[in-house]
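Let me begin by presenting the structure, written as structure tokens, before commenting on it.
No lab work stands behind these numbers, since they all come straight from the coordinates. All values derive from a computational prediction rather than experimental measurement. Because the Cβ atoms are built from the backbone with ideal geometry, glycine has one as well, and the counts that use them run over all protein chains shown.
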Amino acid sequence: MNRVLAGGLAWVLAGVLSAQGQVCPYNPVILSYGQGCNTAFQNPATMTASFDPLTCSITLTANTFPGCCNTYLVQRLMLLGLQPDNQTVPAYPSCTLLVVPDLAMILFTGNSLTLALPPGLPPVTVFAQAGFAYFTTIGFNYDLAVTNGISMTI
């Protein structure tokens, strides 16, 4: 396992060990960049982020059209990385990958992910983006939606 992936996993898992009830030492700068897309529906997917100083955590929330008319949302994926990206997603030229993914997580329920900021975290910028897969029963094909990117400087 490379150090970047191991560090990303440690950051996510450290939420379990996060000390609550103490003053959060962080004041992250959260910015949105790029734009989302949706190859099945007109509304592009979006992502927002919020910081909660009481729990010392950042919550990422991704939204997309839930599907209709024989086209169903079948998968949600959250990407986290230490570098931004700007490349077209193969087979979906209207969508752009905005994160070099060091960690990819399937969201089995809901569209949100909360990241607890562990004590002693060195200054770091983390980039996030979400993706959604749709399946269409007429034609048996898949479509894609990806969100804008989120930059979190801690």
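Scanning the stretch 58-77 for residues that are over 10 Å from the mean Cα position of the chain (by Cα) and surrounded by 17 or more Cβ atoms within 10 Å (Cβ to Cβ) turns up 58, 63, 64, 65, 67, 71, 73. Among the residues of the stretch 120-154, the one identified as assigned to a strand (DSSP E or B), small (Gly, Ala, Ser) and over 18 Å from residue 88 (Cα atoms) is 151. Condition test on residue 55, is it closer than 27 Å to residue 26 by Cβ, over 19 Å from the mean Cα position of the chain (by Cα) and either part of a strand (DSSP E or B) or among the polar types (S, T, N, Q) (or both)? Considered against the rule, which asks whether it is closer than 27 Å to residue 26 by Cβ, over 19 Å from the mean Cα position of the chain (by Cα) and either part of a strand (DSSP E or B) or among the polar types (S, T, N, Q) (or both), residue 55 comes out as yes. Just to be sure before I move on: is residue 52 among the acidic types (Asp, Glu) and surrounded by fewer than 16 Cβ atoms within 10 Å (Cβ to Cβ) in the structure I sent? Taking the combined requirement at face value, the residue satisfies it.
For residue 111, indicate whether it is of a type outside the set (Asp, Glu), within 14 Å of the chain's Cα centre (by Cα), under 14 Å from residue 37 (Cβ atoms) and surrounded by fewer than 20 Cβ atoms within 10 Å (Cβ to Cβ).
Judged against the criteria, residue 111 is not a match.
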